[in-house]
Amino acid sequence: MKILLAFLLAIGIIVTQGEAYCFHKFFKPGEAEKGCMVDGVLYPFGEVSRTENCLRCSCSQHEMHCCSLYTTPIDYDKETCKVIFNKKNCDYDVVQKHPSKPCAQFTRIG
């Protein structure tokens, strides 16, 4: 029973910290005639699997909903590690300051 409770607690922590940053925008009639504008780029109506700035969006004439594809590291050794955004992978890398190697432990938030 203790193992099951520990497992459920761990899953709850992972799910809580795995949420992405999201935003929602409603359009006035006629405001989105050709698609949705995200960071200066016009995307067609429908699902956008990945924007240039690592967002996943859903676009219609009435609304746009976007969520980040990455989580942000928040709890890591700031004395020995640094955070670098990897745009190719849409993720942050936590690496040692000297030399740049992965850090062992850190926590992420969406």
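Tell me which of these T51 doesn't satisfy, since it passes every other one: (1) in a loop (DSSP other than H, G, I, E, B); (2) open to solvent by 50 Å² or more (accessible area, probe 1.4 Å).
Going through (1) in a loop (DSSP other than H, G, I, E, B); (2) open to solvent by 50 Å² or more (accessible area, probe 1.4 Å) one by one, T51 breaks only (2).
Could you check how many residues of segment 51-80 are at pLDDT below 90 and either closer than 24 Å to V38 by Cα or not charged (D, E, K, R) (or both)?
Looking only at that region, the number is 6.
Return the pairs, sorted by first residue and then second, in which the second residue is of a type in the set (D, E) and in a strand (DSSP E or B), the first residue lies in segment 47-74 and is in contact (Cβ under 8 Å) with a residue 40 or more places away in the chain and more than 20 Å from G30 (Cα to Cα), the beta carbons are less than 9 Å apart, and the residues are 6+ apart or on different chains.
Within 9 Å, the pairs are L69/D91; Y70/D91; T71/D91.
From (1) hydroxyl-bearing (S, T, Y); (2) more than 19 Å from the chain's Cα centre (by Cα); (3) open to solvent by 70 Å² or more (accessible area, probe 1.4 Å), pick out the condition that doesn't hold for S60.
Condition (3) is where S60 drops out.
The values are calculated or read from the model by the stated rules, or taken from the named source; none is laboratory data. Worth saying up front: this structure is predicted, and the values here are computed from it rather than measured. In this analysis, Cβ positions are derived from the backbone assuming ideal geometry, glycine residues included, and neighbour counts consider all displayed protein chains. For the accessible areas, the whole protein counts, side chains as well, though only heavy atoms, and no ligand, DNA or RNA atoms are used. Shrake-Rupley method; radii C 1.70, N 1.55, O 1.52, S 1.80 Å.
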